[in-house]
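Participant: Quick one: the structure is below, questions incoming.
Nothing in this text is a laboratory measurement; each read-out follows from the coordinates by a stated rule. Because the structure is predicted, anything quoted here is derived from the model rather than measured.
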Amino acid sequence: MSKLLAVIGGTGLTTLKNLTIIKREVVQTPYGEPSAPLARGEIDGKGILFLPRHGYGHTIPPHKINYRANIWALKEAGATDVIAVAAVGGIRSDMQAMKIVVPDQIVDYTYSRINTFFEEGLTQVTHIDFTHPYCQSLREILINSCRALDVSAATQATYAATQGPRLESAAEIKKLEKDGCDIVGMTGMPEASLARELELCYSCLGVVANLAAGKSDEILTMDMIEQNLNLAMENVRQILAHSIKSFHQ
Ligand code: HPA
């Protein structure tokens, strides 16, 4: 079976600059509409799919994203592998602004999100294995791309998925740190487990947008988060371009 890579863009990455779009596909799913039409295109002649998680206008907040429709649409369009780009807050001391992170673990603190495809019409109750929530082969492609580009990246990190849309309190971040979490974001779950349910190879390319609440004296603002993300996106684009090339080798 031929493989097809999809990129889910997060905050700061609603478009892929070097993507030549061949067509935009409006995909209907049994779960409603995905965040946006899928862009089917090419980077350096290599086919990929792109979906902006928050919509092209960045208008859908994390708790309102139709994660099931997004993952279903990618699978339906032929994706076998998914790189999910995600802005995160840094908890561990080396997770400074603009740091690139390829996490290897997740703790899910989200609530009230529909988090499974396996709830109706089942012939058998299904429990997916989630010991290693991210797909190792795609993690390796991302990690090797960072090395090749001389971009320093953290390759072992636990992602705390919080509900949002508000940022956390300082005490919540302390608690996440005690739980062993190194970075915090609002969109990592149920995206990762839904991808596993549909047998997609899914991994996350995280970008630290800010120090998590209470980790600096600064008040967190959207301006600061956006500024840091804009600065880091050049690295992200290069890592993606390199990973897409490696994926096709
Ligand atoms: N917390 C949760 N999600 C985030 C943060 C944060 O500090 N920064 C970017 N996404």
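Participant: With θ taken as phi - 60° and the coefficients 6.51, -1.76 and 1.60, list the Karplus ³J(HN,Hα) couplings across the stretch 182-188 in order, rounded to whole Hz; mark glycine and proline as x.
Facilitator: My calculation for the stretch 182-188 gives 10, 9, 9, x, 10, 10, x Hz in order.
Participant: Determine which lysines satisfy two conditions relative to Lys175: a Cα distance under 26 Å, and not lying fewer than 8 residues away in the same chain.
Facilitator: Within reach: Lys64, Lys99, Lys215.
Participant: Considering the chain as a Gaussian network with a 10 Å cut-off on Cα pairs, which listed residue, Thr15, Thr123, Thr131, attains the greatest mean-square fluctuation?
Facilitator: Thr123
Participant: Moving to a separate point now. Let me have the 222 nm mean residue ellipticity of the chain computed from DSSP H runs of 4+ only, each contributing -39500 (n - 2.57), with the sum over all residues rounded to the nearest 500. The partial results should precede the final answer.
Facilitator: Numbers: 5 runs with 65 residues, N = 249.
Taken over the chain, the calculation gives -8500 deg cm²/dmol.
Participant: Per Stokes-Einstein, at 4 °C and 1.567 mPa s, what whole-number D in µm² s⁻¹ belongs to the stretch 5-247, with the Kirkwood radius over Cα pairs as the hydrodynamic radius? Don't jump to the answer; show the numbers that get you there.
Facilitator: Values: Rh = 17.9 Å.
The estimated diffusion coefficient comes to 72 µm²/s.
Participant: Right, here's the next one. What whole number of Å gives the distance from the Cα centroid of the stretch 66-126 to the Cα centroid of the stretch 165-183?
Facilitator: So the two Cα centres are separated by 18 Å.
Participant: Could you give me the ³J(HN,Hα) list for the stretch 68-81, computed from phi with Karplus coefficients 6.51, -1.76, 1.60 and θ = phi - 60°, whole Hz, x at Gly and Pro?
Facilitator: Once θ is set to phi - 60°, the couplings for the stretch 68-81 become 5, 5, 4, 5, 4, 4, 5, 4, 4, 7, x, 5, 10, 9 Hz.
Participant: Also, quick follow-up: Rank Gly57, Gly214, Gly32 by mean-square fluctuation in a GNM of the chain with C-alpha springs under 10 angstrom and give only the top-ranked residue.
Facilitator: Top of the fluctuation ranking is Gly57.
Participant: Lys3: which lysines have alpha carbons under 27 Å from its alpha carbon, excluding same-chain residues fewer than 8 sequence positions away?
Facilitator: Counting by Cα, and skipping residues close in sequence, Lys3 has these lysines nearby: Lys17, Lys23, Lys46, Lys75, Lys245.
Participant: Considering the chain as a Gaussian network with a 10 Å cut-off on Cα pairs, which listed residue, Asp81, Asp217, Asp182, attains the greatest mean-square fluctuation?
Facilitator: Greatest mean-square fluctuation among the candidates belongs to Asp217.
Participant: On alpha-carbon atoms, Rg over Rh for the stretch 78-208 using Kirkwood Rh?
Facilitator: 0.99
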